[in-house]
Every structure is written in C-alpha cells, then in structure tokens.
Amino acid sequence: MIEKAFDPAIAEKEIYAEWLRENLFHAADTSEKQPFSIVIPPPNVTGMLHMGHALNNTLQDLIIRFRRMSGDNTMWMPGTDHAGIATQNVVEKELEKEGKNREQLGREEFVERVWQWKGKYGGLIINQLKRLGSSCDWERERFTMDAGLSRAVREAFVRLYNDGLIYQGDYIVNWCPRCHTALSDLEVEYKETPGNLWHIRYPFADGSGEIIVATTRPETMLGDTAVAVNPTDARYSAVVGKKVILPLVNKEIPIIADDYVSPEFGSGAVKITPASDPNDFAMAERHHLEIVKVIGGDGTITAQGGAYAGQDRYQCRKSVVADLEAQGYLVKVEPYLHKVGGCSRCVTEVEPFVSRQWFVKMEPLAKMAIAAVVKGNTRIIPSMWEATYFDWLNNIRDWCISRQIWWGHRIPVWRCLNCEKIIVATDDPSCCPQCGESNLRQEEDVLDTWFSSALWPFSTTGWPEKTEALKTFYPTSLLITGFDILFFWVARMMMMGLYLMGDVPFRDVYLHALVRDEQGEKMSKSKGNVIDPLNMIDKYGADAFRFTLVAFTAQGRDVRMSEERIQGYKFFVNKIWNAARFTLINLEDFIPDSDYSSNSLPDRWIRSRLNKTIQEVTEALESYRFNDAAGGIYHFIWHELCDWYLELIKQTLYNKEDLAQRRATQAQLRTTFKTILQLLHPFMPFVTERLWKEFASGYIMVSDFPRHDPVANDAQAEAEMTMLQDVIGAIRNVRGEMGIATTKKLAVTVITEEVAVFTAGKAYIEALANCQQVVILDHTAPEPKGCATGVTVKAKVFVELGGMIDIASERVRLEKEVAKISKEIEAASQKLANEDFVQKASAAVVQKEEMRFQEAKEKLAFLQKALMRLKEFSS
RNA sequence: AGGCGGAUAGCUCAGUGGGAGAGCGCCACGCUUACACCGUGGAUGUCGCAGGUUCAAGCCCUGUUCCGCCUACCA
C-alpha cells in the first residue's frame, strides 16, 4: 500500500530522473505521427527562475504533455539566450570587484571570461526549469551563441544586407552613457520625472529684440543650430529668416519655420539641437542644419562645448543655468513634469546621440508580418492583442541592430584597409576580393541580442542547413510567451520567419499575462514582494504550484499569486492521494484482466460524468482556456468523484455477498481512477506518474490521453442521480439546520411519483444521509405527522424526530424556504403574465419558465401545509 | 494624446441575452475505518454609475467615474 501522504520532494526527483533515463522527452526528427512543436522563450543565461518563467513554462509543459499523450510527435525546444548587455554587465561587475575593467583585459580575453562565466552559472536556470517538471527535449538544447546559431545569424545578416534591408548610417539613436552602447527604441523605458522648463532669451543678431525659447535641457543649448517656429504663427512670421545670437556661445543661428513646432506650447519658439534630440535631428535633415555634438558618448561635454568641455551633462546643466541667469538670459523657470527615457538594463538616463549605426529597414518586413496575421496564418490568442500588434507594425521605425559592446554576435562586415572595399560575408574572409589585400578589419560592433532571438524558431533546428528536424518542426505549432515581448520578440520572429523561411514561425501565439502579487502589484526585488518559485516547489510540491498557476490563468487577466492559494492546491493533491489510497485498498483482491461491466446507478453516473469532464477539459485545453481546464478537473475529482461516487460505492465494495456486482464496481472504480490520473497528468505530472505505478506498468506521460465518447453520456443515470442527490441534500439540510449530529441515525419517509427510482436508490440515501430507515411511498400516501419536512423537485421528504421536534427552529427553517420559493414564484408568474414574453421568447424558454412555475407552486403548497401542521402540533 | 483591459460575495476571480456562481475566508456541528491537508450544513451581492436597445441585460449600445497597462517626437 502507498504511504499515508505524498512526499513531493523525493518523488519529484526520482520520477524526473526516470523520465530522463527512459528518454521520454525526446522527439524523433522524422515520424509517422503528426508533429507538434514549441520553442521555449529562451531565458537569459543570467536569469534565475522567477514567477514569469514558472507560469510561462508550466503552460508550455501542460500543452506539450497534453499533445504528447494525444499521440503527436511532440518537440519542445529548450535553450538560453546570451543576453548581450545584461550578461556583459554581470561580468563587468565581477571584474570591478577585482579592480579591473574590460578595457584592461582586452576584447578577446573579456569574451573568454564571459564564456567562463556562462559555463559556470549559465546552466542554473535550466536545472530550475527541470524542477518544474518541464518535459523539454533536452538533447536539443541550444544557446544563441552556439556555433550553429551564430552561423544562422551571419546568414540572416548577409541575406538582409544583400537584399538592401540592412544599411549603415549616421543617425541619432538612444545611447546609454553607462553601457556605452546604442539601444533600440524598445530598450528605452520612459518614466515620468519632475524637472523644469527653463525659458531663455535669444537676442536677435541685428539688435532689434529677442525671442524666448523654452527647454527642459538647457545644457544642450551649446549645440543649438537654429530656433524654430510654426510657419502659421503670426507672432513670429516677421522674424523667420532672422538670426539670433546664441547666448554663452556667441554664435549666430537662424530662425526657421517648421510644422513640427506647436504654437501652443511654451512661447511657441523652440531651440533646435540636432545632435541631442531626435525631433531636432529630423528637422536638421529637412532644413540642412549644422549638427554640433556637444555631449559625448560618455555623457560629458565635448570640446565643442567650449568653456564647459569635460563637465558631466548634469553638472553642465547647472553651470549653464547659472551663467544664463548671471548674464540676464534666463527669463523664468517653471517646474515641469516630463517623461525621461532610461536604459532598460541599467536605468541610466538615455542620451540621444548621433553616431554611425547599423539598421534593418523594417517596412517591407512589417508588411509581411501584418499580412500573415490578417490572413490567419498565425493566430494571436487572446485576439485583443492583434490590434496592438498591427498598430506597432504599422508605425514601425527602422531597427538599430548594432551595439557597442563585446559580448554578442560580431557584425560580419569587414573593411579592406587597402582599398576600403566593404566585405559582407558568412565566412571570415582571408583577403579582399577586390584588391587581394589580406589586411582586413572587422566591424567592431555586435548585433542586438534580439537579432539572434528573432531566428530562434528555425535556427534551433539547424537553419540554414535543410535538416530533417527543420522540415518536420517548422512552422512550429505554438508559441507561449508574455505579452511584454510581443514587439521585442514575437513580431520580429514573424518578420524573420516570413522573410528567411517563407512561412510564419508559428501557427498560434498564446500571450499570457504578468504574475503579480496578491495586491496586484508587479513583483520586484525592491518592493520585496517576490515569491520565489523554487521555494514554493520546496514547500508545496511542483504539482500544487503548477496547478495554481494554471488555475489562475484566465485569458487577458493578470495572475495574482499568493502562497495561500498554492497551499489550497496542495490540499487538492492530498485529496487525490487519499482517493488513490481508498481505491487501492479496495482493489487489493481485484484481478483486473477479466471483463466486467456494471450497470449500477453510481457506475453509470460516474461514467457519464467522467466522459463529460474529459470533453470539457480537452476542449478547454484546445482553446487555451487554462483556468476552465483546471477548474473542470478539480470540480470533477473533488465534488463528483470524491464527494459522491466513492461514498456511493462503499456499500458495494464492502459487500462480499454480491461478488459479481462488487467486481464490476471495482473494475469501474479502477478505470475511472486511471482515467482521471491521465486527465490530470499534464497539470500534475509528478503525483500522477507516482500513482500510475500502482495501477499500470509503463509511464503515464506516454500513455494515451482519454478521449470522450459522445455516446457514453447517460442522461437517464444523471437524472436519477440528481433525484437522489436532492433528497440526500434535503435530509442533510434538516440535520444541519436542526443541529442534529451527523452521527445520529434518522428515520425518513420519502413520498414521490418516482417510486421505482427511489426504491432502487434507497440504500444510497440511507448511507449518504446516515439514516437507519428510509421508507419510500407513492404520492397518494398520507403524509406522516410530527416530522421536519423538506421538498425537492421529485419528492417530499419527512424526517422523523420522534416527537422531539424543535418547533421554533423548524418554523424558522420552513419560513426561510417559503420566502425563497415565493420569490421564485413571483418572478416566474410575472414573466408568464407578460404577453410579450409568451409571444416573443422562444418556446423552450417559455416552457422552462412554466415548468419552474409549476414546480415552485407545488413546493410552496407543500411547505405551507407543513407550516400549518406545525402550528396545530404546537397548540 | 491615443489604444487596450478591469470594476460581480469579506478576499481572489469565473460567468458574452433567459433561474447571480466557484475557490479561499467566515459561522455551526462532527476525529463516521481514503483524507481534520477532512466531512456536513449555513450566512453573504442596488454585478462601478447614468441612460438606451430588448418580451428579457452582469452580459449588447451610448455616456461617465475610478484603477491598471501599452503605445506616442510636443520642446
């Protein structure tokens, strides 16, 4: 017999090792079976498992296990992402502790050092995923910097370049002065920050007056090359074309007219610093203005800043403001709340910076990505995200893919030092194809990490090689990821997949929500509200933890996590475990190989209910309604199987006289339990695998997922069971309301038109309502006196209290019932009295309403009679 | 500024046109031989607000308030 309680810590370890040993996670490259594939959103190598990973991977494992059991050739591709800036930062911090920096080490040695770090710590999150039970195809594990994936990156770059979709140019980009690299637009996080709006006087060069401009960044004025006003602004039409003297710099700059300027804001005149503001940069292109870089890549003022050269940008702001004030140029200072962009990796304020960078031309790629979703080649679930997806792609800007860091895929571009020829190649060139020179210099920059991630759905299966795996598993079937990387990753995979593979990277995309704490706050270390998934697994077991995540994943809703809930589902695991113990205890003498079939009501009923549950859970999983799937199986196991079925069959199991029926019920019990273990397996892989050993040989994870059978529904059995359940409920209600102990046996009379059903079910009522005697009488029989009474749709129930009836509490109980039913009657009669309702509502609805009305009226009459009798009894 | 989502029992949330639900918590009674990590019974809601459509609205439409998120170049 199994132990009294399930010990997840031991079982999880053993079972996972068995699955690995038996190689059950591995999918064949080619197979007769229908392929089903998912690529994991590769966690950063620097990552530690957090709630987001836990949710993400639980959902993937759930679907993967469901598909595997359903007979598909199921491949879940695992791996990690090299996470350029994040990883470089981690290693640089390590160096810092040793009093070194990366420049001292030099590029090669630094990269070597990162690889060492990766070897040591990079696998941690993979092991953490295993703790969850993830059934990834570990043999296939990939890393975005692997040789194969690096080759894919070069191939993609070269193709894009040759097709004119990659270009290099001097543009203003988001620059992090601390990471010392360019960032894409997506890597900047804007935060509302209190600042000031400084109003500054710019005198006209001809001495005829002045124009006032407003700015949030006075230090940038050192690099101003114009002042702009709106061409329709009458206040300024006369001054357009004039020159002003740039204060502190003493340089003449023009006043220009441009639609971009909003006349309503500030003074309606804006200073233009093309090197320090993207809008100003665009304006400089339109008006051919000079670009003066006064802020350098390290955030200090350049030599162009004259007297301020060398100052930090914030220090310079103070100096400039002080000088403007001293020289009478400062008109006023207003407090001003504005959005300031920060580096998403280190929170340093981003500096718009003009530099030479590489870009991917997005428009043609975006068009393909839009069309694929419009045509339905890829479905986005929940569909509300489609709008966001389209909106972003329709307004997309070119993607800055170069990063001035060392950890990443170095851009495969070389320059011939002799003839300046640019060479773009997948393999390192040994000499210049134009002049034969062997002195070539490779581009220093590396690619944005997301460039390689964008290739993940096909680079992982071997692209650009035409491998069997690629043929079998591309397009992948499903991607499950958080909505927060819809742009970063999903959209870019769509573009790259369509462009390089000629087909979408996945058929379905399921976007799940964020995991928050129970107050709905985002979990963060600084808030101290993080719940560590590994800690939860240690405390409650992976099964309970997983089930919690699934049960709270409703489409379009955040997942609010709390320890209390996980504990609740641990109780559920315990319930299952004990139901299994009960089952096993009662199957000890059972020989499973004979063919039994039972027609007892509980057996027919549970077959029907189980069948419907299979259907419900299957349909919910197929449409990604995770909470419904979890809820359906929870309800069945706890409230149908345990609460009713196991109780109902006890008498049959304990009765050794009727061996045939006992055997048949044992068989049904065994089948039912095995089936729910299979149904539950994708949700709770460990406890189900553990229990499976007690029921069958082999592994549940590769057994067949239950299939529902449309003809197995037994409406008759369900209807009869409902009659019995209602009567049992009525008796229990009397017991509970009258304060009679559950151990006290009752004598009950049931008066009904369904004499046959209740006579057959008498023993069940006796057992579940704890009665010593149940008498079933036809509806023509006289009603017994001195009883507490209850009424159901199909029966009147009389509970004998042996003259000890507590009249006061019985009256309260009956009056409560009367009030409830009266309300029902009123609602129903009102509807039926409404001619519009009777005419316009569907016949079925009207009929239902009439039936409800009739039933309620009968119940009410009975209850009123009972109340009357009660009065007679008491007087 | 625009877009999206949410507002239903004390808490967390299901419920997309016909009798307001679940889990947890709460109250009462019970250690009945699978389970006290349990069982049985009970209490609890102007379904954010205001209009409208409909025989019928938590659900559809319009407006509105509050909360959250995303996108955006207003200095």
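The values are calculated or read from the model by the stated rules, or taken from the named source; none is laboratory data. All of these numbers come straight from a predicted model, not from anything done at the bench. Backbone-built Cβ (ideal geometry, glycine too); neighbour counts: all protein chains shown. Just so you know, the surface numbers come from the protein's heavy atoms only, side chains and all, with ligands and any DNA or RNA stripped out. Shrake-Rupley method; radii C 1.70, N 1.55, O 1.52, S 1.80 Å.
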Selection from the range A:822-875 of residues that are within 9 Å of RNA strand B (Cβ to nearest atom) and of a type in the set (Val, Ile, Thr): A:VAL838, A:VAL845, A:VAL846
Which ones in the range A:624-643 are touching a residue at least 60 places away in the same chain (Cβ under 8 Å) and open to solvent by 40 Å² or more (accessible area, probe 1.4 Å)? A:ARG625, A:ASN627, A:TYR634, A:TRP638
If A:LEU124 satisfies every condition in (1) crowded, with 19+ Cβ neighbours inside 10 Å; (2) within 30 Å of A:ALA630 (Cβ to Cβ); (3) aliphatic (A, V, I, L, M) but one, which is the exception? (1)
Lone unmet requirement of (1) within 16 Å of RNA strand B (Cβ to nearest atom); (2) assigned to a helix (DSSP H, G or I); (3) farther than 20 Å from A:VAL188 by Cβ; (4) of a type in the set (S, T, N, Q) for A:SER262: (2)
Return a yes/no flag: does the range A:76-95 have any residue that is within 28 Å of A:PHE473 (Cβ to Cβ), charged (D, E, K, R) and not in a helix (DSSP H, G or I). yes
Output yes when any residue across the range A:726-742 is within 11 Å of RNA strand B (Cβ to nearest atom), closer than 21 Å to A:ASP643 by Cβ, open to solvent by 60 Å² or more (accessible area, probe 1.4 Å) and among the β-branched types (Val, Ile, Thr), and no when none is. yes
Picking from A:ILE731, A:ILE740, A:ILE751, the residue that is over 44 Å from the mean Cα position of the chain (by Cα) and either assigned to a helix (DSSP H, G or I) or over 22 Å from A:LEU814 (Cα atoms) (or both) would be A:ILE731
Please identify the pairs in which a residue from the range A:719-733 that is of a type in the set (Lys, Arg) has its Cβ atom under 9 Å from the Cβ atom of a residue that is buried (at least 23 other Cβ atoms within 10 Å of the Cβ), counting only partners at least 6 apart or on another chain. A:ARG732/A:ALA769
Quick one: A:GLY761 ticks every box in (1) under 48 Å from the mean Cα position of the chain (by Cα); (2) within 16 Å of RNA strand B (Cβ to nearest atom); (3) more than 19 Å from A:ILE740 (Cα to Cα); (4) open to solvent by less than 80 Å² (accessible area, probe 1.4 Å) except a single one, so which number is it? (2)
Output the residue which, of all residues in the range A:572-618 that are within 22 Å of A:MET69 (Cα to Cα) and open to solvent by 30 Å² or more (accessible area, probe 1.4 Å), is nearest to RNA strand B (Cβ to nearest atom). A:GLU616
Selection count where residues are assigned to a loop (DSSP other than H, G, I, E, B) and under 22 Å from the mean Cα position of the chain (by Cα), scope the range A:456-513: 4
Note down all Cβ pairs under 7 Å where the first residue falls in the range A:382-398 and is of a type outside the set (Ser, Thr, Tyr), the second is in a helix (DSSP H, G or I) and near RNA strand B (Cβ under 9 Å from one of its atoms), and they're at least six residues apart or on different chains. A:TRP385/A:PHE483; A:TRP385/A:LEU486; A:TRP392/A:PHE487; A:ARG397/A:ASP185
Condition (residue is among the aliphatic types (A, V, I, L, M), open to solvent by 50 Å² or more (accessible area, probe 1.4 Å) and more than 19 Å from A:THR273 (Cα to Cα)) applied to the range A:231-239: is it met by at least one residue? yes
Please give the number of the condition A:VAL292 fails out of (1) outside any helix (DSSP H, G or I); (2) aliphatic (A, V, I, L, M); (3) open to solvent by less than 30 Å² (accessible area, probe 1.4 Å); (4) within 21 Å of A:ASP484 (Cα to Cα). (4)
